[in-house]
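The block underneath contains the structure these notes are about, expressed in structure tokens.
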């Protein structure tokens, strides 16, 4: 298969990843601006290897289970995930809230581990979930680990999306927030990504650089501002420091 054909197959995969409910052949061809016959050749190449699958009733194509296998192997080989998991378990037990481990990839905050809250608070995040970093405490911690110019480059050609009325939507305000985070050693998401939800995060470091973030997330009723200041921020920072001490990169 020629290189341009491989690139087109990868574009098919990218498009399907943005449409979990699946797309019909004509819809995929519309996204790619290609003739359906060309797209049919690409999906026929991917189907036998389980990279994509087709619903027999709707005829829609979606990503196949092969990606679950690949994702699991990637996650299992992440040393930071292995090191951090025990500390995440302890943090969840002490805080009785959901905890996350995240990294910055392609200008997105990507969650690579998650332990749900014992209270049953339902969050839309999951392992592999990726979103804009400016609205989440874990993402802001990761941005704070970058130089200012690197942050400005990330948002050079895109706006700061408003997820709630509390989301930071101006770059100068974000830069001021990152300076504050660097000084205090942790970040707080005060209903900036989800209404009714607060989050506090701290950086995991290795080799003098921020390589990940860990966070505690819960309802505004259990995660009051006072509790964050008096208890949770210190617990998250302590756990992050413990993980950093065990990393040997």
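Computed quantities for the displayed model
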item: Residues (more than 24 Å from residue 208 (Cβ to Cβ) and assigned to a helix (DSSP H, G or I)) located in region 135-163; result: 135
item: Residue identified as over 22 Å from the mean Cα position of the chain (by Cα) and assigned by TED's automatic domain parsing to the domain that holds residue 131 among 60, 82, 94; result: 94
item: Selected residue (criterion: modelled with the lowest pLDDT) from residues of region 91-117 that are more than 18 Å from residue 141 (Cα to Cα) and out of contact with any helix residue (DSSP H, G or I) (no Cβ under 7 Å at 6 or more places or on another chain); result: 117
item: Only one of 161, 230 that is without any contact (Cβ under 8 Å) to a residue 40 or more places away in the chain and closer than 23 Å to residue 103 by Cβ; result: 161
item: Among the residues listed as 34, 91, 115, the single one being within 23 Å of residue 233 (Cα to Cα) and without any contact (Cβ under 8 Å) to a residue 40 or more places away in the chain; result: 115
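The values are calculated or read from the model by the stated rules, or taken from the named source; none is laboratory data. For clarity, every value in this text was computed on a predicted model and none was experimentally measured. Glycine gets a Cβ as well: all are built from the backbone with ideal geometry, and neighbour counts include every protein chain shown.
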